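Q: Encoded as structure tokens, here's the structure I'll be asking about.
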Amino acid sequence: MIRSRIIGTGHFLPERVLTNKDLESLCDTTDEWIRQRTGIEQRHAAKPGEGTSDLCTPAARMAIESAGLTPADVDLLICATTTPDYIFPATACVIADSLGMGTKPAFDLNAACSGFMYGLATADAFVRSGAYKTVVLTGGELATNRVSFRKRDTAVLFGDGAGAVVLRAEEGDRGVLTTHLWSDGSGREVLWLPAGGSKIPVTAQNVDDDINTIHMKGKDLFRRAVIEFTNAVNVALEAAGMTFSDIDLFIPHQANIRIIESVAERMGLPTEKCVVNIQKVGNCTAGSIPLALSQARDEGRVKDGQVLLLASFGAGLTWGSAVVRW
Ligand code: COA
């Protein structure tokens, strides 16, 4: 049976670090509040003039090198992001060009914080169908310039960063075992960036009103996230014919340490089986899971034969889960 196996991982974080203390001088918040309510201690922030492609390109290059391949070996590149370089063309085209992939296909995918899960399901389907043998999937976000420091609930949450994986068609029982995706657009205003698309253009007035920055109903999102994360992992395990005791590593989207702890507790998973990096990077939305995976692999936490459970929840609303045998 052909499966898509993850054979390379990579990540990139901009050099500049914004600590909670730094934010105290930018908006009405405190280090103590941010740590207690979210678990975040710091986040990375890109420089003015940098775009999401500047984060995803080095992450993708690292993933390709760690797979022992060159960009010429890649058949398709997918970029999951909600903060593309431009409204068009796709950021994936910019990344593919920077990598030197010639005229290979490249496209963007927007499923917000579930972007990596949607990208994984898409890449896996392309690989298993035989359409493409080697796919680079990168998730990245440059959200620190999409928040308003007048809105302290969102200003403290997001960080800039990217991760990437290389998936390759292989015979055997290692690779992506299951993927499941969900959406509920009736919750689109729970977390959104209203202006700048076709419906609400950017005007001087709505810039003044902060309509071109991220808006969130945090409590509603929190409650729904815990419920859907738990449902998503249950469906994934049932489809894989596994139980929580079969899981070696749980790599969830990093939105809030309290959401992760609450889901892990419901699953009965010990903390050493959870990959948590939110303290150092904040919520990197579509970059969050591949960044956490790549860092965990660099730390020697991901070993051959292990079973990984991935899950996300975010704007859309969207959510998803996957089981991967390493
Ligand atoms: N610093 C200080 N105080 C803040 C603050 C900040 N950055 N943000 C909000 N507050 C204040 C609120 O104004 C409120 O004050 P009040 O009681 O005087 O009105 C108080 O803290 C409590 O706010 P509340 O919104 O009830 O806090 P919370 O416990 O729900 O935590 C979040 C807020 C955002 C951390 C939490 O709701 C959350 O993590 N939600 C999910 C976020 C998420 O997952 N986002 C991304 C999805 S991918």
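Q: Scan (1) buried (at least 20 other Cβ atoms within 10 Å of the Cβ); (2) in a strand (DSSP E or B) for the single condition E170 breaks and write down its number.
A: (1)
Q: Could you give me the residue pairs with C-beta distances under 9 Å whose first residue belongs to the range 15-39 and is on the phi > 0 side of the Ramachandran plot, whose second residue is within 8 Å of the ligand (Cβ to nearest atom) wherever it lies, and which are 6+ apart or on separate chains?
A: G39/N256; G39/R258
Q: Given the conditions (1) touching a residue at least 40 places away in the same chain (Cβ under 8 Å); (2) assigned to a helix (DSSP H, G or I), report the number of the one that S4 does not fulfil.
A: (2)
Q: Does A164 qualify as being touching a Pro at 6+ places or on another chain (Cβ under 9 Å), crowded, with 16+ Cβ neighbours inside 10 Å and assigned to a strand (DSSP E or B)?
A: Working: touching a Pro at 6+ places or on another chain (Cβ under 9 Å): yes; crowded, with 16+ Cβ neighbours inside 10 Å: yes; assigned to a strand (DSSP E or B): yes.
Yes.
Q: Can you name the number of the only condition in (1) over 20 Å from the mean Cα position of the chain (by Cα); (2) crowded, with 23+ Cβ neighbours inside 10 Å that A63 fails?
A: Only one criterion is unmet by A63, namely (1).
Q: Also, quick follow-up: If we keep just the residues of the range 129-161 that are more than 16 Å from the ligand (Cβ to nearest atom) and surrounded by 16 or more Cβ atoms within 10 Å (Cβ to Cβ), which is nearest to R43 (Cα to Cα)?
A: From the range 129-161, those more than 16 Å from the ligand (Cβ to nearest atom) are 129-138, 145; that's our starting set.
Then drop every residue that is not surrounded by 16 or more Cβ atoms within 10 Å (Cβ to Cβ), which leaves 132-138.
Values: Y132: 36, K133: 35, T134: 32, V135: 29, V136: 25, L137: 23, T138: 19 Å.
Going through the qualifying residues, I end up with T138.
Q: Assess whether D173 counts as being closer than 25 Å to R3 by Cα and at pLDDT below 95. Please lay out each step first, then the result.
A: Values: closer than 25 Å to R3 by Cα: yes; at pLDDT below 95: yes.
Against the criterion (closer than 25 Å to R3 by Cα and at pLDDT below 95), D173 qualifies.
Q: Give E50, E15 a once-over and let me know the one that is touching a Pro at 6+ places or on another chain (Cβ under 9 Å) and either more than 19 Å from R152 (Cβ to Cβ) or modelled with pLDDT of 95 or more (or both).
A: Answer to the selection: E50.
Q: Hey, another quick one. Just for the range 112-128: of the residues that are closer than 24 Å to P71 by Cα and aliphatic (A, V, I, L, M), which one is nearest to the ligand (Cβ to nearest atom)?
A: From the range 112-128, those closer than 24 Å to P71 by Cα are 115-128; that's our starting set.
From what is left, the residues that are aliphatic (A, V, I, L, M) are 117, 120-121, 123, 125, 127.
Details: M117: 12, L120: 17, A121: 18, A123: 21, A125: 24, V127: 27 Å.
Among those that are closer than 24 Å to P71 by Cα and aliphatic (A, V, I, L, M), it is M117.
The values are calculated or read from the model by the stated rules, or taken from the named source; none is laboratory data. Keep in mind that this is a model prediction, so the values were computed, not measured. All Cβ positions, glycine included, derive from the backbone under ideal geometry; neighbour counts span all protein chains shown.
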